Amino acid sequence: MAEALQDDLVALRKEGLFCPAGDFFIDPWQPVERAVITHAHADHARPGHARYLAAASGEKVLRARLGQVTLDTLDYGEPITHRGVRITFFPAGHVLGSAQVRLEASGATWVASGDYKTAGAGLGGREQDPTCAPFEPVRCDVFITESTFGLPIYRWPRQSVLMGEINQWWRDNARSGRASVLFCYALGKAQRVIAALAQDIGAIVCHGAVQNLNAVYRESGIALPDTHLVQDVAARDLARAIVIAPPSAQASTWLKRFGEYSDAFASGWMQLRGTRRRRGVDRGFVLSDHADWDGLRSAIAETGARRVIVTHGQVAPLVRALREEGIDAQAFETEFGNEEDIDAAADGKADAGDGPTSLG
Ligand SMILES: [Zn+2]
Ligand SMILES: [Zn+2]
């Protein structure tokens, strides 16, 4: 990695992304004094920091994950100045409360994206994720971007098409008297799917890890249809139910009570040939809370940034593509995971693993 320039607003330290002028970190992976947190996923919001700052809409989710921490919040677009650095959050469109962090000092503007998804190709233009505020492009000189799905092969289908497919799969299973078990990440993905489920097929049954987060989403003002724990649903109704469970429930005895069921995964990784088969599920739905290749490219272009720093995911291909366009692109080695990894832990609290490589 190139030596950080003296007046860089963000530099890489062993604890994480560091703002020297403001003496704080962004999503640090080691305990620090002051942590600015982009969102509540486990690899970005870690326990052990003395003070936290995050977007207000994510406060309840963050507290549900981290417990009683010292947490200050800011509304999107409401700046705070700390040691001469102006900090402002903007929606990242990733999960409830997810934020990009804009830093302004000495005439320079930097934005750290955290994880994000755009309302472009991935969501089919105006189609929005109803469970969080939409991604907002922010002009800056330097953009620090994630790159979880930074390869041209990643192109998300339209959200409405995908949700239609999920509902059709559920309807077909219900007709043949089989429960539909859908594995997806418990924080964000699950609620996004639940918000789009049809209301005329059967009960929506959720694993406890998902149901807890549903409650936090509702408390945060996000409307979701009724969801139930399995013990609250009559046995005869389970054959028409859809079951939303975290990936780690796949091999658990918890699933036995659903009898003969059809199963599926919802993840961006489902775009990789063979992933569904290797996971041994009946269906794969290519549904991601990250930007796809076109989403990454358009988000970067809209910032107007002349310098781009690429963090976790498929870093090298994106750096290469940006350099070919004459953008000053570089990589930061971070310790963020690929949380859509279908091997992520049940409650999403464990580190998410190493993404596509773990799938071969
Ligand atoms: Zn995330
Ligand atoms: Zn991430």
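Descriptive notes on the structure:
- Qualifying residue in region 235-247 (condition: in contact (Cβ under 8 Å) with a residue 40 or more places away in the chain and on the phi > 0 side of the Ramachandran plot): no
- Hey, Ala350 buried (at least 19 other Cβ atoms within 10 Å of the Cβ), among the hydrophobic types (A, V, I, L, M, F, W, C) and either part of a loop (DSSP other than H, G, I, E, B) or modelled with pLDDT under 95 (or both) or not: no
Condition check ((1) of a type outside the set (S, T, N, Q); (2) over 19 Å from Val111 (Cα atoms)) across all residues:
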{"position": "Pro47", "(1), (2)": "yes, yes"}
{"position": "Gln68", "(1), (2)": "no, yes"}
{"position": "Pro79", "(1), (2)": "yes, no"}
{"position": "Phe89", "(1), (2)": "yes, no"}
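- Test: residue in region 319-339 that is in a strand (DSSP E or B), β-branched (Val, Ile, Thr) and within 16 Å of ligand 1 (Cβ to nearest atom): no
- Selection within region 296-321 - within 16 Å of ligand 2 (Cβ to nearest atom) and either at pLDDT 95 or above or of a type in the set (S, T, N, Q) (or both): Leu296, Ala299, Ile309, Val310, Thr311, Gln314, Leu318
- Qualifying positions in region 293-331 - of a type in the set (A, V, I, L, M, F, W, C) and free of Cβ contacts under 8 Å to residues at least 12 places away in the same chain: Ala301
Listed here are the residues, each with its yes/no results for (1) away from ligand 2 (no atom under 15 Å from the Cβ); (2) over 19 Å from Cys184 (Cβ atoms).
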| residue | (1), (2) |
| --- | --- |
| Glu33 | yes, yes |
| Val36 | no, yes |
| His41 | no, no |
| Gly48 | yes, yes |
| Tyr52 | yes, yes |
| Ala64 | yes, no |
| Gln68 | yes, yes |
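- Identity of the residue in region 24-83, polar (S, T, N, Q) and outside any loop (DSSP other than H, G, I, E, B), that ends up farthest from ligand 1 (Cβ to nearest atom): Thr81
- Test: residue in region 86-104 that is surrounded by fewer than 14 Cβ atoms within 10 Å (Cβ to Cβ) and more than 16 Å from ligand 1 (Cβ to nearest atom): no
- When residues of region 289-309 are limited to those that are away from ligand 1 (no atom under 16 Å from the Cβ) and either among the hydrophobic types (A, V, I, L, M, F, W, C) or buried (at least 24 other Cβ atoms within 10 Å of the Cβ) (or both), the one farthest from the chain's Cα centre (by Cα): Ala305
- Test: residue in region 129-151 that is out of contact with any strand residue (DSSP E or B) (no Cβ under 6 Å at 6 or more places or on another chain) and free of Cβ contacts under 8 Å to residues at least 40 places away in the same chain: no
- All of Gly284, Gly268 fail the test of being assigned by TED's automatic domain parsing to the domain that holds Ala195 and buried (at least 23 other Cβ atoms within 10 Å of the Cβ), apart from Gly268.
- Any pair with Cβ under 9 angstrom, 6 or more apart, that starts in region 203-232 at a residue that is under 16 Å from Leu182 (Cα atoms) and buried (at least 21 other Cβ atoms within 10 Å of the Cβ) and ends at one that is hydroxyl-bearing (Ser, Thr, Tyr) and at pLDDT 95 or above: Ile204/Thr227; Val205/Thr227; Cys206/Thr227; Val210/Thr227; Asn214/Thr227
- Residues within region 123-133 that are at pLDDT 80 or above and either buried (at least 16 other Cβ atoms within 10 Å of the Cβ) or hydroxyl-bearing (Ser, Thr, Tyr) (or both), tallied: 4
- Selection count where residues are polar (S, T, N, Q) and buried (at least 17 other Cβ atoms within 10 Å of the Cβ), scope region 24-72: 2
The values are calculated or read from the model by the stated rules, or taken from the named source; none is laboratory data. Nothing here was measured: the structure is a model prediction, and the numbers come from that model. Virtual Cβ from ideal backbone geometry, glycine too; neighbours counted across all protein chains shown.
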